[in-house]
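Each remark here refers to the structure printed beneath this line.
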Amino acid sequence: MPAYRIFLHDGPDTPPVTETLSARDDAEALVLGELRLLLTPAFTHAVVSLGGTAIGSLKRDGQPPLEESDRAEAVALRLSDDQ
């Protein structure tokens, strides 16, 4: 199973918490990312990536969207390069 990364955000100005999760495909990774986001009230947004490419951005109800489809991908790439 591919190893996806989830970047959990508690706001746009703080670095995300990064976790690894295993999923069969992108759809399952997004569902697992959504569950992770919903089970931890400290986080407002999550970005799921695979191989440095963002595959989806999630947010809690009532939260404005992260203005980071491009920024999320840049963060994913930068963090995957660090590994």
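Taking region 6-34 as the range and being hydrophobic (A, V, I, L, M, F, W, C) and out of contact with any Asp or Glu (no Cβ under 6 Å at 6 or more places or on another chain) as the test, the residues that pass are Phe7, Leu8, Val17, Leu21, Ala23, Ala27, Ala29, Leu30, Val31, Leu32.
Of all residues being touching a strand residue (DSSP E or B) at 6+ places or on another chain (Cβ under 8 Å) and part of a loop (DSSP other than H, G, I, E, B) in region 52-83, which is modelled with the highest pLDDT? Just the residue, please. The selected residue is Arg60. For region 41-59, a residue qualifies if it is open to solvent by less than 30 Å² (accessible area, probe 1.4 Å) and not hydrophobic (A, V, I, L, M, F, W, C), and the qualifying residues are Thr44, His45, Ser49, Gly52, Gly56.
Considering only residues of region 1-37 that are touching a strand residue (DSSP E or B) at 6+ places or on another chain (Cβ under 9 Å), open to solvent by 30 Å² or more (accessible area, probe 1.4 Å) and among the hydrophobic types (A, V, I, L, M, F, W, C), which is farthest from Arg60 (Cα to Cα)? Looking at residues that are touching a strand residue (DSSP E or B) at 6+ places or on another chain (Cβ under 9 Å), open to solvent by 30 Å² or more (accessible area, probe 1.4 Å) and among the hydrophobic types (A, V, I, L, M, F, W, C), I get Met1.
The values are calculated or read from the model by the stated rules, or taken from the named source; none is laboratory data. Just so you know, these numbers come straight off a predicted model, no measurement behind them. Here the Cβ is made from the backbone with ideal geometry for all residues, glycine too, and neighbour counts use every protein chain on show. To get the accessible areas, we keep the full protein, side chains included, count just its heavy atoms, and leave off ligands, DNA and RNA. Shrake-Rupley method; radii C 1.70, N 1.55, O 1.52, S 1.80 Å.
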